[in-house]
Structure formats: structure tokens, C-alpha cells
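Enquirer: Can you read through this structure? Questions will come right after.
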Amino acid sequence: MSKGRILYLSRLKALACFMIVFLHTITLSVESFKGEPALSKLLVSVRTLTIWAVPCFVMATGALLLDENRELGLKKLFSKLILRVVLALVIYTFLFKCFDALLIDKDFDLGQVLDFTWVSVLYSFSWKHMWYLYLLIAIYLMMPAYRAVTKNIDRKTILYLMGLMFVFLSVLPFMHEIFKSDMGSIVSNISGDDSYSEIGAPDLRIVIYVSKIFPLFLFAGYAVNKGLLKIPFTVALSGAVSCAGATVLLLQWSILGDKPVLYKEIVSSYSFPLLVIGTVCLFSLFRNSKGKEIKVLDRLCAEIEKCSFGVFILHMAVLRYIFAVQGFNAYEHGGVLAVFGIAVGTFTVTVIVVRLLKFIPYVRALV
């Protein structure tokens, strides 16, 4: 392992990197073609078990960048971290639009591509997975404030802060969505406005105005890594498994009960309480599994970790080529095994491509 690399974080990020590819493979398979209902339900259930990957990356960022022993001045923050993500956002938005124009729309116009690029950078019209770059920019911009908090905070205060964020950013929004229709009728009766009976209750006003749930993951990663939040191995294992099982059961109930909104807006949300708890437990599992280096495995994980940013961005081009350009229907060619095979193949090819691109000056900074 290279100097300064944290063993458990390297393993976790490598696994999470593959899970993101797997997640998007399932998503495109389900969205692109209508197959057997039973197979679709199975794939959607499996998909819910991969959503933890993105929050784990945010937790890993918190564990690394919020560490008071790590130097991170404004010059380094803007010239290396933020600049890299902003350039990647602009360049890949342009390249992905070129991809669509040439291979899908088959109507390439440079002027239209350039117009689309600058508008898309402002309003995020590009491929869906690019939203993560906006999240990274927001996290990096707030990093000096976040680091000031962790530098001068004790264990009780940070646990209080995390508990507060969990209640207001996860539990209350979840309860609001669950009882929104019932509360809509109550609000209509009290206010005299019948429209709430149809659209549900208005948004809650008892909120904490921070950037959704992700700062909680950021602080949780720091707290777990520093040992400020200690979850015993058996508790973390049972918590992760229980949350995963309960999420799948809730998802199946929502599908069988014909409640698609429950799945789309709650179960698949990063603020879903079971996802928050399960992700923290999973992160703690890796944190508790500190041990000796397994040379072959950890060298592989180290290479994948180095390529994780590029893999996250570029794997979607491979998947889009398979599903949108070639029109591959996984339901007709192996079902679940085909989906898994595509995920493994896409991941492998993208890691190799990114690793090769890292030998090219200037390009290496964008992958």
C-alpha cells in the first residue's frame, strides 16, 4: 500500500465503486426495456441494496478531509479539488452531449452542443449520474466551515449534531412522506383549502436548512474514522443486514401494494432512515475490520481507488452504448446473470481505460 493510504477505506471505496456501476447497470436495464414483472421486481430489489455506495463515498470523504491532521488550505482546496471537479463537469458535459448527438440522435451540430453545454452546467441537463459532481463542488466549498466544526468539537457535541441532522433530515421527511396524504385531508379541513386533499400536506417548515442529508454522512465518516462513534462489530453487522432486509421487504410491499411513489421518493432516497443507519453500520464494519494487508487484494483495491473518480464518470458511456446505442435487452439474454455480467465487464473495461488515461498529461487530472 502507498504511504498514507488507509487500508479499510481503500477496500471500501473499491467495493463502492463497483456497486455504483452495478446500480446504474440495473437502473438502465429496468428503464430501457419492459421484461417479466417478477424479474423487474427482483432487479429493483437488488438495486436498493447498492444505493449505500454513494453515501459511503461521502463518508470516506469526511473521514479523510475532515481529519484535523490533514492539511487543506484554501489554495489546495480551489486549485486542486474544486478546479478538478469544475473542469470535469464542463468537459464531460460537452463530451456526453457529443456522444448523444453522434450515436443516438445522429444529428451533430457543434453550435447546439456548445449551447447545450453551458446551459446544462447551470441546470444539470446532462446524464443523470453527473449530479454527484455538483455534490462534490458543494462539499468542497463548505469544507473550511466543516473542518472548523470538527477541529473544535468534542464527542458529545458531534454526536448531538449528527442526531439532530438524522431526525430533521431523515426521520421527519420520511414521516412526512408516509403520512402526507392523511395530513393533507387534515390540513384541508382546518385551513378550508380543499386542494390539500389531493396534493397532500404542504412541505414541513420545521427543518434545518443544510444541504440535505449529505453533511450528516460527511460528519458520520469523520466520527467513525476517529472513533468518536463506536459501533461494535456484531451490532454493525446485524444493523447493516437488518436495514438491508427491511428495505427490501418495504420495497416489495410498496410494489405489491401499487405504491410506486413510496419506492421512488422514499426507499430510493439517500435520506431514507434505514439507508442512513445501514450505511453507517456498513462503514463501521469496514472500520472495525482493520487487519493485516492482503497483498494481491489490497494492491487491486488501491488501483481501483486511484481510478474511482474516472470510473464513476466514464462507466456510464459504456452502459449507454450497450443499452441506448446497441439496444441490448438483458431480459432476453440471460436476465439477472446478464445484468451482473454487463456490470462486471463495464467495470473492468472502465478501470483499464482510466488507468491508461492516467499516463496522458493533463488528461490524468480529469480521471
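Enquirer: Taking the stated definitions as given, is Val86 surrounded by 19 or more Cβ atoms within 10 Å (Cβ to Cβ), among the β-branched types (Val, Ile, Thr) and assigned to a helix (DSSP H, G or I)? Spell out the reasoning first.
Expert: Working: surrounded by 19 or more Cβ atoms within 10 Å (Cβ to Cβ): no; among the β-branched types (Val, Ile, Thr): yes; assigned to a helix (DSSP H, G or I): yes.
Judged against the criteria, Val86 is not a match.
Enquirer: Which ones in the stretch 19-57 are within 15 Å of Glu332 (Cβ to Cβ) and not in a helix (DSSP H, G or I)?
Expert: Phe33, Lys34, Gly35, Glu36
Enquirer: Continuing with the same structure: Considering only residues that are within 20 Å of the chain's Cα centre (by Cα) and either of a type in the set (Phe, Trp, Tyr) or not in a helix (DSSP H, G or I) (or both), look in the stretch 231-284 and name the one that is modelled with the lowest pLDDT.
Expert: For the stretch 231-284, the residue satisfying everything is Tyr263.
Enquirer: Would you please list the contacts, defined by Cβ atoms under 8 Å and residues six or more apart or on different chains, that run from a residue in the stretch 308-336 that is part of a loop (DSSP other than H, G, I, E, B) to a residue that is buried (at least 20 other Cβ atoms within 10 Å of the Cβ) and among the β-branched types (Val, Ile, Thr)?
Expert: So the pair list comes out as Phe328/Ile342.
Enquirer: Please find, among Ala330, Ala338, Ala343, Ala324, the residue that is small (Gly, Ala, Ser) and closer than 23 Å to Leu102 by Cβ.
Expert: On inspection, the qualifying residue turns out to be Ala324.
Enquirer: Which one of these does Lys106 not meet: (1) part of a helix (DSSP H, G or I); (2) at positive phi?
Expert: Every condition holds for Lys106 apart from (1).
Enquirer: Another one. If you check every pair at least six apart or on different chains, which have Cβ atoms under 7 Å apart with a residue in the stretch 220-233 that is surrounded by 18 or more Cβ atoms within 10 Å (Cβ to Cβ) first and a residue that is of a type in the set (S, T, N, Q) second?
Expert: Gly221/Thr61; Tyr222/Thr150; Val224/Ser284; Ile231/Ser284
Enquirer: In addition: For the stretch 71-83, indicate whether the set of residues that are among the charged types (D, E, K, R), outside any helix (DSSP H, G or I) and loosely packed, with under 13 Cβ neighbours inside 10 Å is non-empty.
Expert: Start the filter on the stretch 71-83 by keeping residues that are among the charged types (D, E, K, R), which leaves 71, 75-76, 80.
If we keep only those that are outside any helix (DSSP H, G or I) as well, we get 71.
If we keep only those that are loosely packed, with under 13 Cβ neighbours inside 10 Å too, we end up with 71.
Scanning the stretch 71-83, I find at least one residue that is among the charged types (D, E, K, R), outside any helix (DSSP H, G or I) and loosely packed, with under 13 Cβ neighbours inside 10 Å, so the answer is yes.
Enquirer: Further question: Of the residues Leu77, Leu87, Leu83, which is under 25 Å from Tyr8 (Cα atoms) and either of a type outside the set (Asp, Glu) or touching a helix residue (DSSP H, G or I) at 6+ places or on another chain (Cβ under 7 Å) (or both)?
Expert: Answer to the selection: Leu77.
Enquirer: Based on what the data block shows, is Arg70 without any contact (Cβ under 8 Å) to a residue 12 or more places away in the chain, touching a helix residue (DSSP H, G or I) at 6+ places or on another chain (Cβ under 8 Å) and more than 29 Å from Thr117 (Cβ to Cβ)?
Expert: Yes.
Enquirer: Another question, if that's okay. For the stretch 342-367, name all the residues that are of a type in the set (Ser, Thr, Tyr) and surrounded by 15 or more Cβ atoms within 10 Å (Cβ to Cβ). It would help to see each step written out before you state the result.
Expert: First, pick out the residues of the stretch 342-367 that are of a type in the set (Ser, Thr, Tyr): 346, 348, 350, 362.
Passing the criteria: Thr346, Thr350.
Enquirer: Also: Within the stretch 20-41, is even one residue closer than 23 Å to Ile277 by Cα, among the β-branched types (Val, Ile, Thr), at pLDDT 85 or above and in contact with a Phe, Trp or Tyr (Cβ under 8 Å, 6 or more places away or on another chain)?
Expert: The answer is yes; a qualifying residue exists.
Enquirer: How do the helices (runs of 4 or more DSSP H) wholly within the stretch 153-217 filter down when requiring 3 or more residues that are hydrophobic (A, V, I, L, M, F, W, C) and at pLDDT below 55: which remain?
Expert: In the stretch 153-217, the matching helices (runs of 4 or more DSSP H) lie at 180-191.
Enquirer: Another question, if that's okay. Could you list, ordered by first residue, the pairs with Cβ atoms under 7 Å in which the first is in the stretch 89-112 and of a type in the set (Lys, Arg) and the second is part of a helix (DSSP H, G or I) and surrounded by 15 or more Cβ atoms within 10 Å (Cβ to Cβ), at least 6 apart or interchain?
Expert: Taking only residues 6 or more apart or on different chains, the pairs are Lys97/Val113; Lys97/Phe116; Lys97/Thr117.
The values are calculated or read from the model by the stated rules, or taken from the named source; none is laboratory data. If you're wondering where the values come from, they're calculated on a predicted model, not measured in any experiment. Virtual Cβ from ideal backbone geometry, glycine too; neighbours counted across all protein chains shown.
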